[in-house]
Amino acid sequence: YTSGPSNIVVQDVVYAPGGHTGWHSHPGILLSSVISGSIEWYDSRCKKHVYNAGDSLTESTQTHYVRNVEAVNAHFMVTYLIANGQPRRIDQPAPACAAALGLD
């Protein structure tokens, strides 16, 4: 949620095979579209969602983790809508369920 002065940032993201984000959250709203490849997106309960080329998703302030387990690059575009002066990303500790799945 943001009201008043805001930053809108567009980021072109590529994760090589095996690449991941680590556990994190955002202080605003994100709109993401997968351009090529696919990503696994995990919520704070370690529930996996798979997004493929052509898929889009919306994120908010919940803690999550993204990784590329494919043999090709995962390319996606992210648009951030955050309150002015806020960081785009806030690192978070891994939830208890992450260790069993190898999600560091």
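The values are calculated or read from the model by the stated rules, or taken from the named source; none is laboratory data. In this text the structure is predicted, and so the values were computed from the model without any measurement. Note that we place each Cβ from the backbone using ideal geometry, even for glycine, and neighbour counts take in every protein chain shown. Accessible surface areas use protein heavy atoms only, side chains included; no ligands, DNA or RNA. Shrake-Rupley method; radii C 1.70, N 1.55, O 1.52, S 1.80 Å.
Here is a check on your reading of the model: is Ser3 surrounded by 14 or more Cβ atoms within 10 Å (Cβ to Cβ) and either outside any strand (DSSP E or B) or among the polar types (S, T, N, Q) (or both)?
The answer is no for Ser3.
Restricting the first residue to segment 46-63 and requiring it to be without any contact (Cβ under 8 Å) to a residue 12 or more places away in the chain, which pairs with a second residue that is assigned to a strand (DSSP E or B) meet a Cβ separation below 8 Å and a spacing of at least six or different chains?
Lys48/Glu40; Lys48/Trp41; Lys48/Tyr42; His49/Glu40; His49/Trp41; His49/Tyr42; His49/Asp43; His49/Leu57
Given the criteria touching a strand residue (DSSP E or B) at 6+ places or on another chain (Cβ under 8 Å), open to solvent by less than 80 Å² (accessible area, probe 1.4 Å), under 24 Å from Leu101 (Cα atoms) and part of a loop (DSSP other than H, G, I, E, B), does Gly22 qualify?
yes
Specify the residue that is surrounded by the most Cβ atoms within 10 Å (Cβ to Cβ); the eligible residues are those in segment 48-104 that are basic (Lys, Arg) and in contact with a Phe, Trp or Tyr (Cβ under 6 Å, 6 or more places away or on another chain).
Arg88
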